[in-house]
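Each reported figure results from applying straightforward, stated rules to the coordinates on display, with no laboratory input. Treat the numbers as computed from the prediction; the structure is a model and nothing was measured. Please note: Cβ atoms are built from the backbone with ideal geometry, for glycine as well, and neighbour counts cover all protein chains shown.
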Amino acid sequence: MPRNKTFAVTLDQDLCKGSDCYICVNACPKGVLAEGERITSKGLRPAQVKDPDACTGCRICETLCPDLAITISDTSQAATTVPAVGRRQPASPSSGGWTTSPGALKPGPHYMMGDDACAEGAIAAGCAFYAGYPITPASEIMLRMATRLPETGGVFVQMEDEIASMAAVIGASWSGLKGMTATAGPGFSLMMENIGYACMTETPCVVVDIQRAGPSTGQASRPASGDIMQAKWGTHGGVEIIALVPWSVQEMYDLTIRAFNLSERFRVPVILLGDAIVGHLRESFHVEETVELFDRAKVPGAPPFGTEEEAGVPPMPAFGQGERLLITGSTHNEFGIRKTADPEVQQRLVRRLSRKIVAHLDEITDYELYYEDDAQRMVIAYGSTARSALWAVKRARDHGEKVGMLRLKSIWPFPGEVIRQWGDACQELIVPETNLGQVSQLVQQHATTPVSLVSQTNGEIMDPRRVTDFLLDGRTKLAS
Amino acid sequence: MGRVLREKYTRQPTPFCPGCGHGIFLNAFLHAVDELGLDFDKTVFVSGIGCGAWVPSPHFQADTLHVTHGRAVAFATGVKTANPDLNVIVIGGDGDIATIGGNHLIHAARRNLPLKVFCLNNFLYGMTGGQVSATTPQGDITSTTRQGNPERPFDLVDLARGAGAPYVARFPVSQPRKLKRGIINALSFDQFAFMDVLSLCPTQYGRANRAKRGYEGPSMIWSMLEHQKGTVAPREKLDSENPEGKIPIGEWYAES
């Protein structure tokens, strides 16, 4: 090093972590830096610059300091100036909200499998990203997306597992695209951790679970509705979520669009709980001329994780817009800054994540009523089971029974108030389910009227005779 | 440069232990970023769980996505494919990237998206209390291998190369200038790049293995750095023979 140069050595003692490090003290070949004498309020003894004139400008200390506490500057040259921070070039704001779009399929009648209709619904909803992993009975959704996304300018990736699929969808959502994945029981279980991450980081995305008979591998191509509770409670910590339950190919299309709209509206993962019947069923459905779509709002500079309102949904920027986003699954304040030991921030965040959903229960809740006018008893049904249940209700009415039916199209957040009202208006509520009684327990919680479960867990579509028998005789004759 | 790098690229000081090897990597990384002129406004840092994952988040003044344990590479795949204009960089530890997340690493290498993955390898789980990881050398002491690790570790360079990564490198934090040059090469490379950064954990690894490794002197981290320097050698010198069992460092491009 030429001796005609002189160097200034600056050591920021507030950043130096002191005697347990002292890398610089050991590294300096000229003894410029030395062990400290002063003990700070943190109990640290930071290194000190003892002999600055001896510095030869080798910068070994500067490159090794783990805390960027050392600055060597060549005083024979002009002082280094730090360019002004604030290179942000904010993206133009977009208010988000509702728009009308022409849709992707030709308007009119179409005939296809439920899984395919789901994929078409996603395309119509503006889905531009799909990541997935093969699994029966949901693979057809992935197959169709693998063809349709490249045609529509979207991105398709087959990932190495369902954990990665869910992760990639969340990543893509923050890159600004509407994203989706589809799976069935075992894959749905693998997605749980990252679904919780999406809830915590308020990441809009759609997860389709084509339910099959479980537990575990169970019966891969057979239907069941065993994932209702998992959809809400599967991820740890306890958080509100939105889940929709289609009963037809028409609804595999319509409710997929709705799932995207709700996810964008509330910045939450929305789960479409189909099953092997509605997924693999082929029937005709109708495509409207236009679709109503909701897009997330983008407000440059606005806090992306908080609002003034307790039930508010904050605007959502994307990566690469100069927002310098801090996104974390840890408890965070409205700017994404970790607050992992602050009880107030934790409570406020968890409450808002819940309230932004439950405070809008009316906007989310969707159901249909059949023969309700004179009903003394109501069947509460959902998904493919509702197809069998409606047949049974008609048979029972043929026999003079005053039975009606309420078919849930949204199941989370659970429409407890609707159930309470129908419970009050009727003498009995009957819940047929292809599980051991997941929704019937919820119905029971909200109704003062007696609630009966008609359960079937044999991997078949709900046998309509089973429900008919119960409606006519108060018991089922078939083995469950 | 310390002040310049702090003010240009960081939000706040790190909470790392005194002498943390990850801090030396952070220093080298920001030197590389500055030399390269990497646009932080078009860069997304994805990281998982563990000390290594804390290097970018919440410290870098760029978009950061701090995700679930082991899944950073999978999240990054979504970010990059959805917006190929972004520079997507994954920084994490050996527990995160090579142990719980090993599956995502090998598939990302196979897929060859232009992601940059830096594995800060300190040979154990630092944040959770010094447990054995997939890179802990056989025989070394951790809080879950009190008698010495009975299992064999991954060689991350071999792993990534075997999975098809077209750029693989290994550099130690004890040689920060070589490390910085490697980071520049990795960031400039137009395909998938993986770097096994030999880091150091004085708190969990150093104390447990002090006697075994012969870390001496008042500054244990300095002793560890000196020791690390002695255990590595440029791969070019070792390609023919390696009688002393040194760890090769350097860069491996797919063609070479």
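Averaged over peptide B:50-60, the number of partner chain Cβ atoms lying within 10 Å of each residue's Cβ comes to 2. Neighbour counting of Cβ atoms within 10 Å sorts the residues A:160, B:216, A:37, fewest neighbours leading, into A:37, B:216, A:160. In region A:7-74 the Cα-Cα distances spread across 10 Å bins starting at 0 as 24, 59, 16, 1 percent of all pairs. Ordering A:65, B:17 by the number of other Cβ atoms within 10 Å of each residue's own Cβ, fewest first, gives B:17, A:65. Partner lysines whose Cα lies under 22 Å from the Cα of residue A:339, excluding those fewer than 8 positions away in the same chain, are identified as A:42, A:356. Checking the cross-link pairs A:178/A:298; B:116/B:178; A:30/B:246; B:178/B:229; A:106/A:298 against a 22 Å limit on the alpha carbon distance flags A:30/B:246; A:106/A:298 as lying beyond it.
Each residue, residue B:35 and residue A:347, gets one label point 7 Å from its Cα in the Cβ direction; the gap between the two is 5.2 nm. Full extension of the chain between residue A:391 and residue A:373 yields a length gain of 4.7 nm, computed as 0.36 nm times the residue separation minus the alpha carbon distance.
Loop only per DSSP, at most 11 neighbouring Cβ atoms within 10 Å: give me the trypsin sites (Lys or Arg not before Pro) in region B:43-121, ordered by residue number. Filter output for region B:43-121: empty list. Here the Karplus relation 6.51 cos²θ - 1.76 cosθ + 1.60, evaluated at θ = phi - 60°, turns the backbone of region A:379-386 into coupling constants of 8, 9, 9, 7, x, 5, 4, 5 Hz, with x for every Gly and Pro.
Comparing B:117, B:79, B:46 in a Gaussian network model of chain B (Cα springs below 10 Å), the most mobile by mean-square fluctuation is B:79.
By the Cβ rule of 4.7 Å, chain A holds the following cysteines without a possible disulfide partner: A:16, A:21, A:28, A:55, A:58, A:65, A:118, A:127, A:199, A:205, A:426. Mean partner shielding of peptide B:15-24, defined as the number of other chain Cβ atoms within 10 Å of each residue Cβ, is 5. Can you give me the Rg/Rh ratio for region B:205-256, using Cα atoms for both radii and the Kirkwood formula for Rh? Expressed as Rg/Rh, it is 1.12. Suppose the Debye formula is applied to equal point scatterers at every Cα of chain A; what is log10 I(q)/I(0) at q = 0.08 Å⁻¹? Taken in order of the listed q values, log10 I(q)/I(0) reads -0.59. Between 0 and 90 degrees, the angle of helix A:464-473 with respect to the longest Cα principal axis of chain A falls at about 60 degrees. Calculated FRET efficiency, residue B:253 to residue A:445, Cβ-Cβ distance, R0 = 51 Å: about 0.20 to the nearest 0.05. Taking Cα centre as origin and charging only the Cβ of basic (Lys, Arg, +1) and acidic (Asp, Glu, -1) residues, the dipole magnitude of chain A rounds to 880 debye. Give me, ordered by chain and number, the residues 5 or more places off residue A:430 or on other chains with an amide H under 5 Å from its own placed amide H. Hits under the 5 Å cutoff: A:378, A:379, A:380, A:452.
The residues A:188, A:335, A:156, when put in order of fewest to most other Cβ atoms within 10 Å, stand as A:335, A:156, A:188. Relative to the dominant Cα principal axis of chain A, helix A:114-124 is inclined by about 50°. Give the angle, between 0 and 90 degrees and rounded to the nearest 10, that separates the Cα long axis of helix A:416-425 from the longest principal axis of the Cα atoms of chain A. Taking the Cα atoms of chain A, the angle to A:416-425 is about 20 degrees.
Within the straight-line cut-off of under 18 Å between alpha carbons, the lysines reachable from residue A:409 are A:232, sequence neighbours fewer than 8 places apart in one chain being disregarded. Computed with the Debye formula from one identical point scatterer per Cα of chain B, without solvent, the log10 of I(q)/I(0) at q = 0.15, 0.16 Å⁻¹ comes to -1.05, -1.21.
When the protein assembly as shown is described by a simple charge dipole with +1 on each Lys and Arg Cβ and -1 on each Asp and Glu Cβ, the residue from A:333, B:138, A:65 located farthest towards its positive end is A:65.
Around the amide H of residue A:287, modelled in the peptide plane, lie the amide H atoms of A:108, A:110, all under 5 Å away and 5 or more residues distant in sequence or on another chain.
Span-like helix check, chain B: qualifying full DSSP H segments, with Cα axial length of 20 Å or more and mean Kyte-Doolittle of 0.0 or more, are B:21-36.
Note: region A:97-296, Cα convex hull, 93 Å³ per residue. Across peptide B:36-48, the average count of Cβ atoms from other chains found within 10 Å of a residue's Cβ is 3.
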